[in-house]
There are 2 protein chains.
Amino acid sequence: MTATKIAILGVGKIARDQHIPAIAGNETMELAATVSRSGGIDGVDNYADIDALIAGRSDIAALSLCMPPQPRYDIAVKSLMAGKHTMLEKPPGATVSEVLKLEKLAKAKDVTLFATWHSRYGAGVAAARGWLFDRQITSVQIDWKEDVRRWHPGQDWIWQAGGLGVFDPGINALSIMTEILPNPVHLTASTLSFPENRATPIAADLTFAGPAGMTVKADFDWRQEGPQTWNITAETTEGTLKLTDGGATLAINGVAQTLPEAGEYPGLYHRFAELIEAGLSDVDISPLLHVADAFMLGDRKTVAPFHE
Amino acid sequence: MTATKIAILGVGKIARDQHIPAIAGNETMELAATVSRSGGIDGVDNYADIDALIAGRSDIAALSLCMPPQPRYDIAVKSLMAGKHTMLEKPPGATVSEVLKLEKLAKAKDVTLFATWHSRYGAGVAAARGWLFDRQITSVQIDWKEDVRRWHPGQDWIWQAGGLGVFDPGINALSIMTEILPNPVHLTASTLSFPENRATPIAADLTFAGPAGMTVKADFDWRQEGPQTWNITAETTEGTLKLTDGGATLAINGVAQTLPEAGEYPGLYHRFAELIEAGLSDVDISPLLHVADAFMLGDRKTVAPFHE
């Protein structure tokens with residue numbers, strides 16, 4: 001079997017740290033080109049823009065779009081119109097409506113569109129989903145608290161309209177929540193804290209309602225300077241499930257679970273290859289929809305200005 | 001044929017002005033009860049809450065929910081769980097996710113759910129849709145400017161989180177936009193003006209992108225004291241379509257069109273009866289999704305406080 005040639009568009013931190021190593025470790029994929037204005041990586045052809053890539057490289061079947069959400073839609077349209085299988089970093093768009101348009105376009109062009117949620121491929125997520133599937137959940141607490149200065153240095157786009165602010169990491173928690181809960185939930189209350197000099201929130205408190213009085217509380221905060229926390233705790237009538245380290249570790253009733261060795265981005269590229277092989281798309285808007293709902297329903301508080 | 005017995009829940013201004021006369025004028029429907037804490041209408045049984053209605057009136061097959069969106073979800077769940085065909089005033093929910101949950105529940109219970117958009121039944125809307133269907137649209141301008149003091153006196157819920165502010169009328173324009181445009185659009189820019197003492201915006205400027213460079217600009221403003229404006233103008237390569245008076249009148253290239261005599265709410269109840277008869281639901285989330293997108297992508301401006 002010949003490896004699928006793939007190009008990465010947007011060679012920033014996430015591409016270098018995660019996408020490029022994941023492709024290198026996947027024998028069904030070959031990184032054949034990059035698109036970047038600030039330069040690519042050694043030994044791989046780099047193009048100035050997607051138009052040059054599409055014009056010059058009909059051998060490349062798949063494109064992985066790693067740029068921020070605000071400029072991504074127009075590039076995704078070009079990718080799909082050129083008949084390329086297309087993978088989107090999270091969040092899949094700056095609006096929900098544009099993602100639904102891309103899904104329609106992919107169907108019309110008969111190519112694969114994969115709107116990725118990397119946190120769903122954390123080592124403990126599948127086991128958490130399995131354990132919760134048949135149990136009665138009474139409440140869920142999500143704590144996603146990190147220091148924005150440490151994890152997002154120089155990323156201006158997260159503070160601009162469409163950049164989602166604290167929901168940029170928080171949507172990872174929501175992508176796990178929507179993956180592991182057996183029934184859908186909907187937002188009932190939302191408080192968003194906007195620094196007075198920024199267009200996106202630095203913190204968010206959310207409440208969701210599920211079946212039979214079940215509630216989910218989520219506390220997202222970018223001002224956490226001590227220990228960093230990415231935890232989801234679910235209380236059930238048969239005990240407590242605790243997913244920690246952003247989904248990498250899992251304990252049930254205090255007992256650490258043995259988990260498969262699994263990397264998030266290797267999992268994404270394995271799934272992308274499967275989808276291409278099967279001629280399918282995978283576009284789940286539910287995490288982004290909860291974020292849009294949180295903005296629409298949100299009470300806004302103005303908090304101290306943020307300076308990096 | 002026996003008329004379908006229907007109850008109205010939430011006997012406020014919209015129920016008295018529109019729903020009750022529309023049901024009275026529909027020979028396939030009979031208003032059999034109301035639910036209201038502040039009293040019903042002469043000659044019709046009134047119940048204190050939906051539980052009492054459901055317990056006492058198995059003869060009533062359909063419920064029309066006219067209360068504001070924030071409390072509506074829990075009542076809609078009770079209605080659907082009791083096997084009642086259910087009609088929702090606009091907007092169909094305080095979040096998009098809850099509407100999707102109601103849609104699933106209606107399917108599971110095999111009853112009709114109708115998420116209504118009354119402005120789509122304006123006299124000029126169907127003709128506008130027909131004329132635009134096969135034409136190349138280059139731009140659309142939406143002006144929805146009204147005096148909130150005149151049209152929404154005492155409606156505190158519109159200023160509370162989930163009440164949508166100026167999007168409460170603006171979503172009527174978006175429901176027409178999504179009905180008459182032959183292709184979907186997505187939001188690319190949004191500026192929301194929040195009075196410093198209110199949780200929802202008093203004005204919004206929106207830009208949407210459609211196919212082939214087509215753009216839609218929407219200007220929603222609740223501070224309009226002079227002439228009131230609810231207009232949609234579409235420029236095409238074959239001239240200009242102008243829908244005015246909220247969809248009631250239509251001109252094409254300056255020529256007023258002869259339109260059928262049609263009332264919005266009579267149209268809604270006619271459609272509800274059709275859906276029940278056919279065993280179908282009609283739930284289009286696209287107008288509410290554009291509003292959620294506008295909040296998520298929006299740049300927020302603080303403007304002068306609003307006092308009624």
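Quick note: the coordinates plus some simple rules give every number you see, no bench work behind them. For clarity, every value in this text was computed on a predicted model and none was experimentally measured. Counting neighbours? That spans all protein chains shown, and the Cβs are built from the backbone with ideal geometry, glycine included.
Which order, highest average first, do A:37-44, A:121-128 follow once you tally other Cβ atoms within 10 Å for each residue and take the mean per peptide?
Highest mean packing first, the order is A:121-128, A:37-44.
Cα-based Rg of the stretch B:4-115 per 2.2 N^0.38 Å, rounded to two decimals?
Dividing the Cα Rg of the stretch B:4-115 by 2.2 N^0.38 Å gives 0.98.
So what is the calculated 222 nm ellipticity per residue for chain A, using -39500 (n - 2.57) for each DSSP H run with n of 4 or more, over all residues, to the nearest 500 deg cm²/dmol?
Rounded to the nearest 500, the figure is -9000 deg cm²/dmol.
Could you work out how far the C-alpha centroid of the stretch B:134-179 sits from that of the stretch B:1-34, in angstrom?
The two parts, judged by their Cα centres, are 25 Å apart.
Within the set of other residues whose C-beta is less than 15 Å from the C-beta of B:Pro201, count the net charge using Lys and Arg as +1 and Asp and Glu as -1.
Cβ neighbours under 15 Å give a net charge of -3.
Let me test this: with uniform point scatterers at the alpha carbons of chain B, what is the Debye-based log₁₀ I(q)/I(0) at q = 0.08, 0.11, 0.16 1/Å?
Calculated log10 I(q)/I(0) at the listed q: -0.36, -0.70, -1.38.
Could you work out the relative contact order of chain B? I mean the mean sequence separation of Cα pairs under 8 Å and 6+ apart, divided by the number of residues, in percent.
Value for chain B: 20 percent.
Among A:Ser79, A:Leu63, A:Gly93, which residue has its Cα positioned farthest towards the positive end of the charge dipole of the stretch A:4-115, with +1 placed on the Cβ of Lys and Arg, -1 on the Cβ of Asp and Glu, and the dipole taken about the Cα centre?
Projecting each Cα onto the dipole axis, the largest value belongs to A:Gly93.
Sorted by mean Cβ packing within 10 Å, highest first, what order do the peptides A:285-293, A:270-278, A:185-193 take?
Going from most to least packed, we get A:285-293, A:185-193, A:270-278.
Compute, for the stretch B:201-308, the length of the dipole vector about the Cα centre, with Cβ point charges of +1 (Lys, Arg) and -1 (Asp, Glu) only. Units Debye, rounded to 20.
The dipole of the stretch B:201-308 has a size of about 300 debye.
Give the average, rounded to an integer, of partner chain Cβ atoms located within 10 angstrom of each Cβ in A:284-296.
Per residue, the number of nearby Cβ atoms from other chains is 6 on average.
Considering only DSSP beta bridges where both residues belong to the protein assembly as shown, give the percentage that are antiparallel (nearest 5).
Within the protein assembly as shown, antiparallel bridges account for around 50 percent of the total.
Evaluate the charge dipole of the stretch A:4-115 about its Cα centre and quote only its size in Debye, nearest 20, assuming +1 on the Cβ of each Lys and Arg and -1 on the Cβ of each Asp and Glu.
320
Using only the Cα atoms of the protein assembly as shown, each taken as one equal point scatterer with no solvent, compute I(q) by the Debye sum, divide by I(0), and report log10 of the ratio at q = 0.05, 0.10, 0.13 Å⁻¹.
Values, matching the q order: -0.24, -0.97, -1.49.
Taking the label point 7 Å from Cα in the Cβ direction, how far apart in nm is A:Glu225 from each other copy of itself, listed shortest first?
4.9
Which distances, in nm and shortest first, link the A:Pro184 label point to the same label point in every other copy, taking 7 Å along Cα→Cβ?
Values, ascending and in nm: 1.5.
Using only atoms on other chains, find how many Cβ atoms lie within 10 Å of each Cβ of peptide A:180-190 and report the average.
Mean inter-chain Cβ contacts per residue within 10 Å come to 4.
What does the charge dipole of chain B about its Cα centre add up to, to the nearest 20 debye, if the Cβ of each Lys and Arg holds +1 and the Cβ of each Asp and Glu holds -1?
Computed about the Cα centre, the dipole is about 400 debye.
Give me B:Thr2, A:Thr249, B:Thr34 sorted ascending by neighbouring Cβ count inside 10 Å, so fewest comes first.
Ascending number of Cβ neighbours within 10 Å: B:Thr2, A:Thr249, B:Thr34.
Which Rg and Dmax, in Å, describe the Cα atoms of the stretch A:77-180?
Rg then Dmax for the stretch A:77-180, in Å: 16.6, 48.
Please express the shape of the stretch A:39-88 as an equivalent ellipsoid: the semi-axes are the square roots of 5 times the eigenvalues of the C-alpha gyration tensor, given largest first in whole angstrom.
Working through the eigenvalues yields semi-axes of 17, 14, 10 Å.
For a quick protection proxy, order the peptides B:251-261, A:296-306 by their average other-Cβ count within 10 Å, most packed first.
Packing order, densest peptide first, comes out as A:296-306, B:251-261.
Could you tell me how far the Cα centroid of the stretch B:49-105 sits from the Cα centroid of the stretch B:243-287, in Å?
A separation of 23 Å, based on Cα centres.
Give me a single rounded figure for B:122-133: the average over its residues of other chain Cβ atoms within 10 Å of their Cβ.
Per residue, the average neighbour count from other chains is 0.
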